[in-house]
Amino acid sequence: MDKKKTQSKKELILKAAEEVFMANGYEATKTTQIAERAGVTHAMLHYYFHTKENIFRKIYEDKINMLKDPIVALVENKEMELPQRIDTIIETHFEFLKDNPTLPYFVISEMNNNPHLIETMKENIGEVMGESYKKLQNEIDEYVAQGIINPITALDLLLDIVSLNVSAFVMLPIMKSVVSDKDEQNAILEQRKKEIKETINRRIIKTENKA
């Protein structure tokens with residue numbers, strides 16, 4: 001089979017699967033529904049991915065990689081000062097969530113309803129942390145020793161960023177029920193991003209070093 005056609009079929013299946021997973025949840029989703037949504041036969045879906053869990057893993061891994069690569073690059077970019085890079089990491093993560101607004105609620109829901117899927121998530125998150133996490137902690141310690149930032153662990157910093165960013169999108173359905181205009185919704189999200197950056201900045205930057 002032509003490689004481009006194979007890739008195209010796989011992408012169609014994954015796109016359809018993401019839509020069905022997000023709409024129905026993992027447990028209620030059937031591979032027949034995914035095949036129908038993708039416009040392929042059930043046999044073809046099974047040929048490429050074999051199981052529903054394999055499809056879920058692939059989607060999740062792709063999402064993690066979309067986020068991982070730019071954040072790892074930022075962590076290791078020594079041309080920017082650490083506080084500026086943290087600001088950019090917040091921006092990168094927030095924009096990722098903006099492009100995938102239903103992902104946070106879906107992940108939280110699936111972690112509660114299907115604990116066995118947490119192992120899939122943990123494997124990928126562990127890969128994201130890895131060496132970059134250690135390098136980030138070492139750099140934080142250096143900045144703390146120089147009196148530039150307040151003491152904080154890399155884990156606490158990352159948890160602060162993720163929890164603050166994710167909370168904006170978990171609440172998104174409520175916001176949309178109150179504010180129907182898309183431009184106004186985007187303006188509210190931009191303001192939330194600004195507030196999150198300022199909150200993290202106040203947490204880490206020593207008062208005497210703030211502009």
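Structure above, values below:
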| quantity | calculated |
| --- | --- |
| From the coordinates shown, Kirkwood radius over Cα pairs in Å corresponds to which of [x] 18.5; [y] 16.9; [z] 19.3 | [z] |
| Highest to lowest packing among 13-26, 186-199, scored as the average C-beta count within 10 Å | 13-26, 186-199 |
| Order of Thr92, Thr207, Thr153 - criterion: other Cβ atoms within 10 Å of each residue's Cβ, fewest first | Thr207, Thr153, Thr92 |
| Residue-by-residue Karplus 3J(HN,Hα) for segment 92-104, coefficients 6.51, -1.76, 1.60, Hz, glycine and proline x | 4, 5, 4, 5, 4, 5, 5, 6, 10, x, 8, 4, x |
| For segment 1-50, the spread of Cα positions along each principal axis, largest first, Å | 33, 17, 15 |
| Taking Val144, Val72 and counting other C-beta atoms within 10 Å, the order from fewest to most | Val144, Val72 |
| Extension gain from Glu139 to Lys98, taking 0.36 nm per residue of separation minus the Cα-Cα distance | 11.9 nm |
| The chain - mean residue ellipticity at 222 nm from DSSP helices (-39,500 (n - 2.57) per run, n ≥ 4, rounded to 500) | -26500 deg cm²/dmol |
| Calculated FRET efficiency for the pair Thr88/Glu131, C-beta based, R₀ 25 Å, to 0.05 | 0.80 |
| Cross-link table Lys135/Lys206; Lys63/Lys176; Lys9/Lys52; Lys58/Lys135; Lys30/Lys68, entries beyond 26 Å C-alpha to C-alpha | Lys58/Lys135; Lys30/Lys68 |
| 5 angstrom amide H check on Ile205, placed H, neighbours 5+ away | Asn150 |
| Fewest-first ranking of Arg57, Arg203, using other Cβ atoms within 10 Å as the exposure measure | Arg203, Arg57 |
| 0 to 90° range, to nearest 10: angle between helix 117-145 axis and the chain longest Cα axis | 20 degrees |
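Read-outs: derived from the displayed coordinates by stated rules, not from any lab. These figures come from a predicted structure and were not determined experimentally. All Cβ positions, even for glycine, are placed from backbone atoms using ideal geometry, and neighbour counts span all protein chains on display.
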